[in-house]
Amino acid sequence: MAKEAIKYYGVDPWKITETGFNPERGRVSESIFSLGNEYMGTRGYFDEVYSGDSLKGSYFNGVWEEKPITYFEHFKGLSERCCFMINANNWIYTRIFANGEELDLAKCRVEDFYRELDMKRGIVTRSFVWNGIKLTFERFISMTERTVAAQKITFTSVGFEGTVKIVAGSDFTPIHEEENRNFWHEVFKGDGIIAARTESSGQRIYSAYEANIKADRFFTEEKKSCAEYSFKLSNGETETFERLSVNITEKDKTVTDDDFIKNGNEKSAKLLKVSYDKYKADHEKFWSDVWNTLDITIDGDEENQQGVRFCIFNLHQTYHGEDGSLNVGAKGLTGEKYSGWTFWDSETYCLPFYMFNNPQAAKNLIMYRYNTLQQALDRAVEQDTKGACFPMVTIDGTESCGVWQHGNLEIHVTAAIAYAVWHYVTNLKDKDFLYDYGARLLVETSRYFASRGGFSPKTGEYGLYGVMGPDEFHMMVNNNTYTNYMVKKMFNYTVDVINEMKRECPEKIPQLDDGELEDWSFKADKMRINYDEETELFEQHDGYFDLPHIDINSISPDRVPIYKYWAYDSIFRVNMIKQPDVLLMLFFFSKDFTMKQKEANYDYYEARCFHESSLSPSIHSILASEIGKDEKAYEYAKYASRLDLDDYNRNTHQGLHITSCAAAWMNIVYGFGGMRSDDDILSFKPTKPVQWKGYQFKILYRGKILTVDVRGGKARFTLDGEAEPIRICGKEYSVGREGVEVEI
Ligand code: BGC
């Protein structure tokens with residue numbers, strides 16, 4: 001895989017550090033030093049004015065604007081409206097003056113610039129010396145009180161004599177870069193308060209702040225509420241400026257502006273009474289609990305250690321399941337690219353991380369789909385189908401994809417919702433969830449696939465025609481094997497669940513039409529799965545084996561992304577694939593396939609995969625581990641864990657690849673740890689890269705912490721509670737506190 005690392009940040013197991021400011025990496029660093037807490041997120045841009053290149057992005061999960069999608073011709077069923085998460089208020093807005101001169105790193109000379117993200121504590125700090133003052137900045141976005149964000153600036157004079165002035169406030173003027181405009185309209189502003197509303201979606205944010213220093217004056221400008229603070233500073237003296245910011249979103253349009261302001265005033269008054277130090281202590285405790293219980297440690301490979309912690313850190317920052325109306329955007333809350341949209345990544349790549357780290361978050365990821373079921377039912381009608389057709393990309397549950405080839409053809413997204421129900425229930429045994437919510441999702445998705453497919457007049461097989469599988473380099477294909485297999489499995493699962501409910505809770509069975517269950521079973525039996533007995537290869541879709549071959553190694557690494565350099569339709573005419581497709585099926589339903597099938601298909605498809613999606617390397621690494629290709633497994637793993645830190649795809653400036661952070665976590669646990677979660681009990685078959693002395697990971701299993709420690713040719717499993725059955729290297733053990741050790 002021709003991708004090169006850019007080594008820029010300092011390597012440390014717990015920190016990401018930057019020594020000396022390099023404006024050319026400014027936007028990448030803004031992404032890397034992003035902070036968030038599921039509810040809000042802020043890129044690592046400077047607090048103070050910076051006139052150089054920067055994306056001052058501050059986002060609120062699920063706060064969006066909308067625009068029409070226009071086409072030359074109106075075709076029925078194409079999405080016509082796109083929602084996108086918008087850049088919101090710059091809550092950390094600050095200007096700093098020393099004896100009248102304004103600090104601006106694009107213009108001023110500073111020395112000893114240093115910045116760090118401390119993942120152990122969830123805190124970003126930055127320091128440098130300017131004008132005889134050592135400035136140290138600290139910020140965090142509270143993980144325990146989601147509306148609170150905090151800023152602290154320490155000024156120590158190292159020769160400076162005079163007056164420091166700070167202007168700080170909340171600023172609704174930032175431009176949403178992708179649309180090159182601002183979407184906010186003022187609702188109210190006053191001393192230390194400002195509230196604004198989005199232009200057409202009518203969502204509101206109330207923002208209030210308070211500092212430890214008494215303001216000289218408060219003032220307002222258009223879409224901005226500010227306060228001015230000043231103090232004298234002499235050589236050797238230190239002054240500290242601390243500011244708490246409370247930001248409250250209101251998405252309910254029926255709440256009047258008066259009530260919205262009143263609620264904001266009451267809530268922020270209470271929240272601003274609590275001290276900076278108290279919020280900081282609670283926030284740090286949140287992070288120490290995370291790391292004390294569910295860390296991954298790697299001995300002998302600091303780069304991967306740092307990389308995997310960075311991924312875990314960002315997954316917790318992006319989502320921790322407080323709110324079932326929110327989801328994980330592919331770039332989280334770290335940039336505008338991908339518009340804050342949720343993809344099928346949530347159900348396929350992110351769900352396992354949350355299932356085994358934070359079950360409440362896992363459940364809420366699926367609840368998000370349940371809560372947007374009506375939009376999926378409506379979309380199915382637009383598509384001349386029945387049941388629920390879930391969107392390819394979305395914020396509010398409607399389809400926001402303006403590229404119809406993806407939005408209309410990637411129907412595997414709907415199968416992923418049913419798969420998520422199955423995967424979650426198989427592992428967490430949450431029958432209440434299954435009967436109350438999951439069953440409805442299963443019925444509506446089965447209904448959709450039963451109406452979306454058709455029978456081949458030649459063979460009588462059932463199939464899904466005119467689709468795009470996970471591999472986005474082949475469009476409008478027939479019978480994508482991954483999708484067909486998923487749907488076959490989910491038809492059968494739905495029928496099994498309904499039959500179980502007939503015994504357990506008939507009153508909860510979702511409404512079914514006569515003969516539907518029989519129809520789904522029949523279609524599952526008749527589903528076409530293209531398989532060649534002789535070679536043991538699954539054909540990615542009808543006719544894939546006939547496509548002209550292209551040697552992926554002949555493509556110059558600087559001609560990427562492919563979409564930018566290749567004529568659009570030329571991408572679809574060869575057998576090069578963008579990301580795992582058949583291989584994903586072999587991983588998701590691991591126990592259904594033999595080792596020989598895995599080997600044959602890995603060899604065949606790996607040679608044809610260009611890894612244009614960041615979701616690709618980790619799946620290859622996981623399968624490579626399983627079939628004993630250890631070098632390949634290690635090579636692919638490093639792309640996954642350090643994708644953004646080393647800017648492998650040259651697009652980290654646009655935001656972090658949050659969903660591939662989940663893939664990087666899977667890479668350790670499912671890859672080297674050899675975990676599989678597609679059976680009634682968990683199974684493991686650990687391997688250890690020779691480059692590592694050892695490694696350890698912990699997961700939450702049936703409410704207890706399972707620790708897997710691999711070193712010295714042995715793997716040790718311990719569970720911190722009553723023993724549970726676990727399959728290790730093919731044999732079932734009862735693993736409890738005393739542990740089980742096996743040779744690997
Ligand atoms: C991939 C999709 C994925 C999306 C968001 C695309 O490049 O092809 O499978 O859902 O990125 O991560």
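Every number here is computed from the coordinates shown, using simple stated rules; none is lab data. This one's a predicted model, so the numbers in the text were calculated from it and none came from an experiment. No Cβ is skipped: glycine too gets one built from the backbone with ideal geometry, and neighbour counts run over all protein chains shown.
The table for this structure:
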item: Unsatisfied cross-links (Cα-Cα over 28 Å) in the set K285/K591; K76/K489; K15/K698; K67/K363; K331/K629; result: K285/K591; K76/K489; K67/K363; K331/K629
item: Volume per residue that the Cα convex hull of the stretch 341-483 spans, once the total is divided by residue count, Å³; result: 111
item: Counted charge near I577, where neighbours are those whose Cβ lies closer than 12 Å (Asp, Glu -1; Lys, Arg +1); result: -3
item: Sparsely packed GluC sites (Glu not before Pro) within the stretch 531-574, loop by DSSP, other Cβ within 10 Å at most 16; result: E533, E534, E536
item: Dipole of the chain, positive end: most advanced residue of T394, F343, I312 [Cβ charges, Cα centre]; result: I312
item: Burial ordering of L586, L547, fewest other beta-carbon atoms within 10 Å first; result: L547, L586
item: Loop trypsin sites (Lys or Arg not before Pro), the stretch 266-320, which have at most 11 other Cβ atoms in a 10 Å radius of their Cβ (DSSP); result: K273
item: Restricting the stretch 694-744 to GluC sites (Glu not before Pro) in coil, as DSSP defines it, with at most 16 other Cβ within 10 Å; result: E722, E738
item: Largest to smallest principal axis extent of the C-alpha atoms in the stretch 128-172, angstrom; result: 40, 21, 12
item: Local net charge near A5, Cβ-Cβ under 15 Å (Lys/Arg +1, Asp/Glu -1); result: -2
item: Hull shadow area, averaged, the stretch 204-359 [alpha-carbon convex hull, nm²]; result: 14.8
item: Exposure proxy order (Cβ contacts within 10 Å, fewest to most) of S142, S556; result: S556, S142
item: Cα-based Lys pair tally, the stretch 80-166, threshold under 20 Å, eight or more apart or on separate chains; result: 6
item: Tilt relative to the chain, helix 616-626 - C-alpha long axis, 0 to 90 degrees, to 10; result: 50
item: Distant alpha-carbon pairs in the chain (separation over 53 angstrom), percent; result: 12
item: Highest average packing first - 14-26, 377-389, 466-478, Cβ atoms within 10 Å; result: 466-478, 377-389, 14-26
item: Packing-based ranking, highest mean first, of 661-669, 361-369, 205-213 given that Cβ atoms within 10 Å are counted; result: 661-669, 361-369, 205-213
